[in-house]
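Reviewing the structure listed below.
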Amino acid sequence: MRGQCMRMRHIVEDLLTLSRLDVQDAPSDDQLHMLSVLEDLARDGRALSQSKHRIQVGVCEPMDLVGAAKDLRSAFSNLVTNAVRYTPDGGEITLNWRQHAEGAEFSVVDTGPGIPEQHLPRLTERFYRVSTSRSRESGGTGLGLAIVKHVLMIHQGRLEVESAVGKGSTFRCILPAARVETES
C-alpha cells in the first residue's frame, strides 16, 4: 500500500507540473551554468544508479543556457533518470552539451535496449509506455517525457529521439540560439 501511495503521489505531482506548464506563456530568464548542471546531473545519475552504470559528461562546450532553471533542470534530470532506469547494469550513459545549427543541444546517450521505431512518435504522450510490463518495476509515472516536451516547447525548443533496438538511445533537447549565451 505504501508503494502504491507513493506512486499515486508522483502521478499527482507530475500532473500538477504538466498543468502548470500548459498555462505558462514564457519562462523566466535564469542563467544556467551548463558545466555545473551537467556535473550535478551526472552525480545524481550515479547516485540513482548505485554504481551499476558508467555515467560520464562527454562534450561540454562553454555555453550557458537562459530560461526557467527549475524546469530545465527537471527536464534534463528526467532524461538522465530514464537512461538509468532502462539501461541494463554495466551500461554507459553520456551527457553532452554542444553547439547545434539552431543554437545548442543537450543530449543523453545510453547503451540501453533501444526503443522499437513504431513507438518513437508516441513517447511524449501522457501515460504512454513502450512496455507496460516494465512500468511498475521502473517506478515511473508515464508523464516524464510529456513534461520534457512541454518544458522545451515553452523555451522554443524541441525533443528529438534516436534509437535502435539493441544499440541504445539518444535523447536530444534542441534549444534556440536566443536561449544560449557564450561564456566569457
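I'd like the full set of residues that are part of a helix (DSSP H, G or I) and at pLDDT 65 or above, limited to the stretch 125-170. I'd like the intermediate steps shown before the answer.
Going through the stretch 125-170, the residues part of a helix (DSSP H, G or I) turn out to be 132-138, 144-154.
Scanning the stretch 125-170 gives Gly144, Leu145, Ala146, Ile147, Val148, Lys149, His150, Val151, Leu152, Met153, Ile154.
Can you find a residue in the stretch 81-89 that is in contact with a Leu (Cβ under 9 Å, 6 or more places away or on another chain), among the polar types (S, T, N, Q) and modelled with pLDDT of 90 or more? Checked against the condition, which is being in contact with a Leu (Cβ under 9 Å, 6 or more places away or on another chain), among the polar types (S, T, N, Q) and modelled with pLDDT of 90 or more, the stretch 81-89 yields at least one hit.
Here is the figure for the stretch 92-118: residues that are farther than 16 Å from Leu38 by Cα and either hydroxyl-bearing (Ser, Thr, Tyr) or in a strand (DSSP E or B) (or both) total 3. Of all positions in the stretch 40-63, at least one carries a residue that is out of contact with any Asp or Glu (no Cβ under 9 Å at 6 or more places or on another chain), buried (at least 21 other Cβ atoms within 10 Å of the Cβ), at pLDDT 95 or above and among the aliphatic types (A, V, I, L, M).
So, in the stretch 104-115, of the ones that are of a type outside the set (A, V, I, L, M) and either modelled with pLDDT under 95 or touching a Gly at 6+ places or on another chain (Cβ under 7 Å) (or both), which residue ends up nearest to Leu41 (Cα to Cα)? Even if it seems obvious, please write down each step before you answer.
Our first condition is that a residue be of a type outside the set (A, V, I, L, M); within the stretch 104-115, this holds for 105-107, 110-114.
Subset that is either modelled with pLDDT under 95 or touching a Gly at 6+ places or on another chain (Cβ under 7 Å) (or both): 110-114.
Numbers: Asp110: 14, Thr111: 18, Gly112: 18, Pro113: 22, Gly114: 21 Å.
Top of the filtered list is Asp110.
Filter the stretch 150-178 down to the residues that are under 13 Å from the mean Cα position of the chain (by Cα), under 16 Å from Ala83 (Cβ atoms) and in contact (Cβ under 8 Å) with a residue 24 or more places away in the chain and list them by number. Across the stretch 150-178, the qualifying residues are Leu159, Val161, Ser169, Thr170, Phe171, Arg172, Cys173. Scanning the stretch 34-60 for residues that are part of a loop (DSSP other than H, G, I, E, B) and in contact (Cβ under 8 Å) with a residue 40 or more places away in the chain gives a single hit, His53. Here Thr81 fulfils each of the conditions (1) polar (S, T, N, Q); (2) under 16 Å from the mean Cα position of the chain (by Cα); (3) under 27 Å from Thr182 (Cα atoms) apart from (3).
Being of a type in the set (A, V, I, L, M, F, W, C), under 14 Å from Val108 (Cβ atoms) and touching a Lys or Arg at 6+ places or on another chain (Cβ under 9 Å) is the filter here; which residues of the stretch 40-70 pass it? Spell out how you get there, then give the answer.
Within the stretch 40-70, the subset of a type in the set (A, V, I, L, M, F, W, C) is 41-42, 47-48, 55, 57, 59-60, 63, 65-66, 68-69.
Within this subset, residues satisfying the condition of being under 14 Å from Val108 (Cβ atoms) are 41-42, 48, 55, 57, 59-60.
Matches in the stretch 40-70: Leu41, Leu48, Ile55, Val59, Cys60.
The values are calculated or read from the model by the stated rules, or taken from the named source; none is laboratory data. Just so it is clear, the model here is predicted, and its values are computed rather than measured. Backbone-built Cβ (ideal geometry, glycine too); neighbour counts: all protein chains shown.
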